1. Bin all alpha-carbon pair distances of the stretch 241-376 at 5 Å intervals from 0 and give each bin's fraction as a whole percent.
2. Explain nothing, just compute: Karplus ³J(HN,Hα) = 6.51 cos²θ - 1.76 cosθ + 1.60, θ = phi - 60°, for every residue of the stretch 383-390 in order, whole Hz, x for Gly and Pro.
3. I'd like to know how the stretch 296-379 sits against the 2.2 N^0.38 Å rule of thumb: what's its Cα Rg over that expected value?
4. Quote the relative contact order of the stretch 201-337 in percent (integer), defining contacts as alpha-carbon pairs under 8 Å separated by 6+ residues.
5. Scale the Cα Rg of the stretch 307-352 by the rule-of-thumb value 2.2 N^0.38 Å and send over the ratio, two decimals.
6. Please give the per residue volume of the convex hull enclosing the alpha carbon atoms of the stretch 213-309, rounded to a whole number of Å³.
7. I'd like the Karplus ³J(HN,Hα) series for the stretch 447-461: coefficients 6.51, -1.76, 1.60, θ = phi - 60°, whole numbers in Hz, and an x wherever there's a Gly or Pro.
8. Give me the one-decimal Kirkwood hydrodynamic radius in Å for the stretch 644-691, with the sum taken over alpha-carbon pairs.
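Please treat every number below as a calculation from the coordinates, not as lab data. The model shown is predicted, which means the values in this text are computed figures rather than measured ones. Neighbour counts run over all protein chains shown; Cβ positions are idealised from the backbone, glycine included.
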Amino acid sequence: MALAHNLGFPRIGRDRELKKAQEAFWKGELDEAGLRAVGKHLRATHWQAQKDAGIDLLPVGDFAWYDQVLTHSLTFGVVPERFRHGGEAKPTLQTLFAMARGAVGSHGDSCCDGAHAQEMTKWFDTNYHYLVPEFTADQRFALSWDQLFEEVDEARALGHTVKPVVIGPLTYLWLGKAKGGDFDKLDLLERLLPLYGQIFQRLAAQSVEWVQIDEPILVLDLPQDWKNAFERAYNLLQSEPLKKLVATYFGGLEDNLSLAASLPVDGLHLDLVRAPDQYPSILDRLPTYKIVSLGLVNGRNVWRCDLEKALDVVRHAHERLGERLWVAPSCSLLHSPVDLEREVQLDAELKSWLAFAVQKCAEVAVLARAVNQPDAPGVRAALEQSRAVQASRAASPRIHKPAVQDRLAAIQARDAQRQSAFAQRIAKQRAGLNLPAFPTTTTGSFPQTPSIRLARQSFKQGKLSAAEYTEAMQSEIRHAVQIQEQLGLDVLVHGEAERNDMVEYFAEQLDGYVFTRFGWVQSYGSRCVKPAVIVGDLSRPKAMTVEWITYAQSLTRKVMKGMLTGPVTMLMWSFPREDVSREVQARQLALAIRDEVVDLEAAGIKLVQIDEAAFREGLPLRRSAWGHYLDWATEAFRLCASGVRDETQIHTHMCYSEFNDVIESIAAMDADVITIETSRSDMELLEAFERFEYPNEIGPGVYDIHSPRVPGKDEMVNLLRKAARRIPAERLWVNPDCGLKTRAWPETEAALVNMVAAARELRSGGAANA
Ligand code: GLN
Ligand code: ZN
C-alpha cells in the first residue's frame, strides 16, 4: 500500500480565523481561553479536512500561534534574556507574542517591558517569514513548551493517526543567529540533540509511530562542517525511539544526495516538483529498508496537479518500492491558500484549473489510491478530470495569446540596451533636469490615510462613482504635491494614493492575471497576502498610470517622477504559471511595463522609477542557479527601461541592502539612479557599491521609514557624509529608505523637513569637510 501523507497544512483557516483571533487577542478583545478555543477548532477542522480528502497520516506540529520556528525556540527554551523577566519560569503565550512582536503593544500584562522583537526573515525562497532564533555562546536548551505533545493528544482524542512534524536540529541551528561574541552555531549541536531525544521519547510514550524531521537545508550549498554534522547528529539520534522521516523540500539534494540517502533514518521525502530530476536516481542510492516519500503535488502554487504525469512516477516507484512508497505534496501546504470551495464567485473554467490545500490533499490521496486500488471509485473520474483540465488549458485562448508570443519572439538584444552609455545619458539628463547637487526625492508612496482607504472601498462597493473616486484621488495628489513643494523637495511623486498594493494595482490592469477572493497565504504572524495569479500570456491593454502622473505633473513646475513596479517583483509576488518558465513571464511583464514607460515619456514625464523590491529575493537557493536567474532578471529590467530616449532618467528602488552577492547584476540593470536601504546599517552597506565602483547614481536611504521616529537633520547629514566618503558626491541622491505609505502625515512631514535641510547643508559645502 502506498501511503498518502501531508507535510503540513495552512493554519490560518479558510476565513483567516486565526488572524482575526490573534488580532482581537492583541487588542484585548479576546481572552486567552477564547484564542486557544479558536486554535483548537482550526486544528480539528484541518485534520478532518485532510482525512476526508483521503490523507492517511496527518501532520501535527504545523499549527503555530505565530510561527513554527518560534514555537521551536520556545520548545527548546531558546528565549533571549530580555524576555525572561530575570527568572527561569516557563514561557507563556505572552512571552511568545512578545518575542514575535516586541513587548510594547503586546498583550495587557506587560511582559518584558520594552524588549524589541526577534528579527524576522524569509523562510528559504518563500514569502513566509520566520522569527530568527537568537543563540548565545553559553546557550542552554531545556524542554520548555508542551504544545506539540498537547496537540498530539488532541488529535489522537479525535481518532486521528498522526505524524508529528519537527524542524530538524541542523536546520533549526542554521536558521538562528549567534548573538554576542563570535562563536560557531554548530558548537551548540551536542547540547541541542538531547532535546530531540527527549521529544521523541515523549512522543513514543504517546504511541506515536512516525516523526517527520524537516531538514530543508539539505537542498542548499552546505559547508563541509555542516555536512559532517548531519552524519554526527543523526547517528546519535538513531538510538532514540520513533521511525524518522527526514523531509527535504524547495529544491534538489544534488551534492547532498548521498549524505541524505545514507542518514540512519527510516525514510526520506523529496521535492519532485522543484527538482523532478532527482527521480529515479535516488532509488539506487537509498538503502532498501527505507521509505521514500515523493512530493509530487506542488505545495507552493495554486494550480491543479497534472495527475497523469505524476502517476507515471508513482506507478514506476510503486513497482520498485511497493509498501515503501509514500506520496505527498512537495512541501508543507503552509504556502498555499486553504480551500478552493470557498471561491464561490470564480468562473467555472478557472476554478477547474485550481487547487488549494484541501484539494491538493485530495490529489495526493488519488495518486496513492491509483496504485493501491486502481479501480476504486473516484480514481478513474479524478484522472479523467485531470486529463480534461490539462487539455482545456493547453488549448485555452485565455492562456495562449499569439500576439504576445510573437512580440516576445521578436525581441532583439538591442531592445534591452539604452541608446547610449550612462556617461552620455547622464550628461543629457543633467542638462534637461537642472537639479541641484544632492537632489532630494522620496521613493513613491505617501501615507495611505483612512480616508484614502475608505474612498477605495466605497468605490469598489459602488458607493462612489468613478468620477467621484477620481476626484478623491486627485485631491490626495494635490495635497501630496502641495506638501512636497512646501518642503522644497526637488523631484516630486504623486504619492500612490490610488494603489492598494504595488503589485496588485498593476496586475489588475494587465491582461493575463486573475484574482481570487479567498486565496490568502500567511506571510508572517497574523499577516496574510493574497497574491494575484498569472493565468496566461501577459499584456497591457492600455496605459495604467499616465493619467495620474500627468495630472500630478500638471500641478507643479518641478519634475514629477513616474512610478511603476518592475517585472521581477510582479512575478515574485504573484502565483506564477507552471506551463512556462519564470523567465518568459518576466519578459512578458517587461514588455508591458516598457510600453508604460514609453507612454509616460510621450506624455512629458522626464523621470520614471521602476521598483524592483523583490529582485534579490528571487535569487535561487543554489549558487549554481544564480547566473541564469540574474541574467534574465536584469534583462527583464533593461527591457522595461530601454524604450526611451537618453534624456529620460530611469530610477529603480530596492528596499534592502545586502548587495554584495549581486552588485554586478545591479550595475548591469543600468538604471540611471538606484535608491536603496542603508540608514539602519549606518551606510556600512554602501561598501559593496564602493568596492565595485558602482558607476551610476545612488540614493542611499537616509532614514528608516519602518519606525515613526523622526530623525534629526544632523543625523542625516552624518549619514550623507559617510555616504559621500564612499560614493562621489555628484552621484548621490537624498531620499528615505522606502515608501511612506505606512506612516502618518505629521511624522512624514517632520522627517522630510529635516531631510531637505540635511541636503541643503551638504550643498553648502558640508560634504567637502566629510
Ligand atoms: N514605490 C513604492 C513605495 O514607495 C516602493 C515600495 C517598495 O519598494 N516596497 O511604496
Ligand atoms: Zn522599498
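1. 2, 10, 20, 21, 19, 14, 8, 4, 2, 1, 0
2. 5, 5, 4, 4, 4, 5, 4, 4
3. Here the answer is 1.14, to two decimals.
4. 22
5. Ratio of Cα Rg to 2.2 N^0.38 Å: 1.65.
6. 102
7. x, 8, 7, x, 5, 5, 5, 5, 4, 5, 5, 4, 5, 4, 7
8. Details: mean 1/r = 0.0863 Å⁻¹.
Averaging 1/r across every pair of different Cα atoms and inverting gives 11.6 Å.
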